[in-house]
Amino acid sequence: MLPMLQPPGMTVMQRQRIWSANHLTPREALDLMGEEAAWRLTVREGLRLCAATHWTTASFSNSSDFTAVANTTSETSLLTGPDQPSFPAFTFDPQQNGKGKAFSIQASGVFSTTGTPTMTWKLRIHTTQGVAVGGTVMGASDAITAVNNSANAHWTISGLYHVYTAGLGTGASTASGKSDIVSGVGYAAPYTYRIPNSATWTFTFDAGQAQYINPTLTWSAADPSNTALMKDLLVVTWR
């Protein structure tokens, strides 16, 4: 089978089509290419390799701004209604190489303040769809003090998580990972804060049920001028 996957004289694009049809991982494809050929790949060809072998899949991307969280001190979802990232049941099935699979989260938006309120960011995962706060906390930031009277300060959350153990049943799967929340204008130095800000990066879930991602925010002071809007959210699943 292996010689048939890389006949002599084939272009990189032709080989990628064969790798895709055979559902190879990038590592398997590189092994077939051989070390010398692999080192000759350009960055663009390497990215095409990942796409051709289905190494990454965009699980969710929004199509419009979400609803702003403002004038409240309650932990509140940054999402709008059913427009929510999720993993179908058995995405991390232990019988389908669920262990070792990974996913990344990238969220960004703007916030404005009056005074210097604190902001606590959380990422949650829940078996119930919707904006209600609940489920398992994947990570929580400290209460971060915002800069006085910020106006449309940009913020970004980015993180990577992978499955340590995959199992079916409540708490049978364990994942580990962390995110960073960054605002170069809205926060004082060091501008970047951790989610979670602790040595514990793991959380548990049930791989046999659908899981819904829910990013939330808690303001320390309720004021119409204390407002945060999530504009973009992308979740990518990695093989």
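Structure summary
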| quantity | calculated |
| --- | --- |
| Residue that is nearest to the chain's Cα centre (by Cα), among those in segment 181-202 that are in a strand (DSSP E or B) and more than 30 Å from F90 (Cβ to Cβ) | I181 |
| Any hit, segment 153-168, residues being over 18 Å from the mean Cα position of the chain (by Cα), in a loop (DSSP other than H, G, I, E, B) and surrounded by fewer than 16 Cβ atoms within 10 Å (Cβ to Cβ) | no |
| Residues located in segment 135-148, provided they are surrounded by fewer than 22 Cβ atoms within 10 Å (Cβ to Cβ), in contact (Cβ under 8 Å) with a residue 40 or more places away in the chain and not small (G, A, S) | T136, V137, D142, I144, T145, V147 |
| So P215, is it within 19 Å of T73 (Cα to Cα) and part of a strand (DSSP E or B) | yes |
| Failed criterion for A189 (all others in (1) within 23 Å of G135 (Cβ to Cβ); (2) at pLDDT below 95 hold) | (1) |
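The values are calculated or read from the model by the stated rules, or taken from the named source; none is laboratory data. Please read these numbers as outputs of a predicted model, since none were measured by experiment. So basically every Cβ, Gly included, is an ideal-geometry build from the backbone, and we count neighbours across all protein chains shown.
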